[in-house]
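Novice: Supplied in C-alpha cells, the structure appears directly below.
Taken together, the values in this text are just the output of simple stated rules run on the coordinates, not laboratory data. Every value quoted in this text rests on a predicted model; they were computed, and no experiment measured them. Glycine also receives a Cβ, built like all others from the backbone with ideal geometry; neighbour counts cover every protein chain displayed.
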Amino acid sequence: MPAERLQKIIAAAGVASRRKAEELIASGRVLVNGQVVTELGTKADPEQDHIRVDGKLLQGPERFTYVALNKPKGYVTTVSDEKKRPTVMDLVQKVKGRVYPVGRLDWASEGLLLMTNDGALANALMKASSNVAKTYVVKVAGQPDETKLDKLRRGVSIAEKGGRRVRTAPAKIRLIREGDNPWLEVTIIEGRNRQVRKMFEEVGHHVEKIRRVQYGPLALDVPPGDWRNLTLLEVAKLKTAASGSKAAKPPSAPTPLRAPQAPQSSKPLRSPRPSHSSSHSSKPSHAPKRKRD
C-alpha cells in the first residue's frame, strides 16, 4: 500500500478528525515504528508501519458508517460544545463507529441530519459545486405574497458572518398550508449558515419553525431523536448526488425511502398526488394521523 500522510491514516482509523490528528502529531503523541513524529508532512504505510497514538496501536481503517438522524430542536450540530449544550452526538451514542455530522442544522432547527465517518463523501456533499438539494418545511410569521415568494425563488442577498453579503441561488418554494402563519416547502441547493431563515428575513417574514425533510435522495422517516443506518442503495444514491451526476432511474422494486413528513397540525396539509393508485380508489389512506400543535 502506498504511503499516506499520518493525519489521514489516523482519521481513517476513527481515532480523530484530520485537524485533531494534526494536533496529536504536533504535540508528540504519535509514534511510527517506535519513533516520535511531530512533522505534519510525515507519511507512513499503515500496512507495514507500526503507528501508535497515545500508546495505542492503530488497527487499520475504520469501516464506514452512514446514519440518518432526526435532529430535535435544542441540540447543536457539533461534536462538542464549549457551552455544555446538548449535541447531536448525545443522540447517536449507540451507533457502531465514530460518526460526525455532515453540514449543520442550527439549535432551533429540526429534521434530517446525515452523519458518517466517510470523510470523502461528507466533503463532496458539502461542496457548493455538488448542488445537492435540501428540502425544508417552514412555518413563517405573516403571509408572504407571491411577489415576495418570487423574489426568494430568484435569489436574494443575505449577510454572512463578518457582514459580507452573498446572493442565494434560485430556490423552489410552494405553499403547503394556508393560514395566518402559513407552512411552505422550500428547496435549496446551498448550505449557508441559517440560509432559509435569512432569506425570509430579507422579505420581512420571521421563520417560526423549520424542519429539513429531504437531503438529496434521502427523506426523513424516523421519529425525532431517533436514527437509522442507511442502506447500500441509499449510500450509492448519495454518492451519485454528491458527484453532481444525475441519479439513475430507481429500480422497479420499492425502496425504503418515504415521502417527506408534513408538519404536525390540526389542519390537513395538501398531499402529493399518489403515483401508484387511481384518484378514484376506494382504499383507505394509511397516512399517519397528525397530532394537534
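Novice: Amide H to amide H under 5 Å from residue 117: which residues, 5+ apart in sequence or cross-chain, H placed 1.01 Å off N in plane?
Specialist: Hits under the 5 Å cutoff: 65, 100.
Novice: Which trypsin sites (Lys or Arg not before Pro) in segment 1-105 sit in a loop by DSSP (not H, G, I, E or B) and have at most 14 other Cβ atoms within 10 Å of their own Cβ?
Specialist: Numbers: sites: 5, 8, 18, 19, 20, 29, 43, 52, 56, 63, 73, 83, 84, 94, 96, 98, 104; in loops: 29, 63, 73, 83, 84, 94, 96, 98, 104.
Loop-located and lightly packed - 63, 83, 84, 94, 96.
Novice: Towards the positive end of the charge dipole of segment 72-219, with charges on Cβ (+1 Lys, Arg; -1 Asp, Glu), say which of 210, 114, 170 has the farthest Cα.
Specialist: It is 114, whose Cα lies furthest towards the positive end.
Novice: Sticking with this structure for a sec: Tell me, what ³J(HN,Hα) does each residue in segment 106-123 have, in order and in whole Hz, if you take phi through Karplus 6.51 cos²θ - 1.76 cosθ + 1.60 with θ = phi - 60° and put x for Gly and Pro?
Specialist: In residue order, the calculated couplings are 6, 3, 8, 8, 10, x, 5, 10, 7, 10, 7, 10, 8, x, 5, 5, 4, 5 Hz.
Novice: Add +1 for every Lys or Arg and -1 for every Asp or Glu among the other residues with Cβ under 13 Å from the Cβ of residue 115, and state the total.
Specialist: Values: positive: 71, 94, 96, 98, 104, 228; negative: 90, 118, 226.
Local charge sum for residue 115: +3.
Novice: With an 8 Å cut-off on Cα pairs and a minimum separation of 6 or more residues, tell me the relative contact order of segment 53-169 in percent.
Specialist: Values: 133 pairs, mean separation 25.0, N = 117.
The normalised contact order for segment 53-169 reaches 21 percent.
Novice: Hey, another quick one. Counting other Cβ atoms within 10 Å, which trypsin sites (Lys or Arg not before Pro) in segment 122-227 have at most 10 and lie in a DSSP loop?
Specialist: Details: sites: 127, 134, 139, 148, 151, 153, 154, 161, 164, 165, 167, 172, 174, 177, 192, 194, 197, 198, 209, 211, 212; in loops: 127, 161, 164, 192, 194.
Passing both the DSSP loop test and the Cβ count: 161, 164.
Novice: What net charge is computed for the residues neighbouring residue 77, neighbours being all others with C-beta under 13 Å from the C-beta of residue 77, Lys and Arg scored +1, Asp and Glu -1?
Specialist: On the way: positive: 71, 73, 85, 104, 194, 212; negative: 81, 90, 106, 110.
That works out to +2.
Novice: Same structure, new question: Could you derive backbone 3J(HN,Hα) for segment 18-33 from the dihedral phi with the Karplus parameters 6.51, -1.76 and 1.60 (θ = phi - 60°), listing whole Hz in sequence and x where the residue is Gly or Pro?
Specialist: Once θ is set to phi - 60°, the couplings for segment 18-33 become 4, 5, 5, 4, 4, 5, 4, 5, 4, 8, x, 9, 10, 10, 10, 6 Hz.
Novice: Quick one: which of 94/198; 71/148; 73/161 span more than 25 angstrom between C-alpha atoms? List each step's numbers first, then the result.
Specialist: Working: 94/198 35 Å; 71/148 30 Å; 73/161 23 Å.
Exceeds cut-off: 94/198; 71/148.
Novice: Just want to confirm a number: the relative contact order over segment 152-237, from Cα pairs under 8 angstrom separated by 6+ residues, in percent. Don't skip to the end; give the middle numbers.
Specialist: Working: 84 pairs, mean separation 16.9, N = 86.
RCO, segment 152-237: 20 percent.
Novice: Right, another one. For residue 156, what charge total do you get from the other residues with a beta carbon under 9 Å from its beta carbon, if Lys and Arg give +1 and Asp and Glu give -1? Show your work: numbers first, answer last.
Specialist: On the way: positive: 151, 154, 167, 198; negative: 202.
Overall, the nearby charge balance is +3.
Novice: To the nearest 20 debye, what is the magnitude of the charge dipole of segment 4-57 about its Cα centre, counting +1 on the Cβ of each Lys and Arg and -1 on the Cβ of each Asp and Glu?
Specialist: On the way: 9 positive and 8 negative charges, 42 e Å.
Dipole magnitude for segment 4-57 comes out near 200 debye.
Novice: If you don't mind, another one. Quick one: Cα centre-to-centre distance for segment 91-153 and segment 68-86, in angstrom?
Specialist: 14 Å
Novice: Contact order normalised by length for segment 81-239, with contacts defined as Cα pairs under 8 Å and 6 or more residues apart; what percent is it?
Specialist: Working: 240 pairs, mean separation 44.0, N = 159.
About 28 percent, as a whole number.
Novice: Read phi for every residue in segment 198-209 and hand back ³J(HN,Hα) as whole Hz from Karplus 6.51 cos²θ - 1.76 cosθ + 1.60, θ = phi - 60°, with x for Gly and Pro.
Specialist: Using θ = phi - 60°, the values come out as 5, 4, 6, 4, 5, 10, x, 9, 7, 7, 8, 9 Hz.
Novice: Loop only by DSSP, 12 or fewer other Cβ within 10 Å of the Cβ. Give me the GluC sites (Glu not before Pro) in segment 20-63 that pass, ordered by residue number.
Specialist: Those that pass, being in a loop and sparsely packed, are 39, 47.
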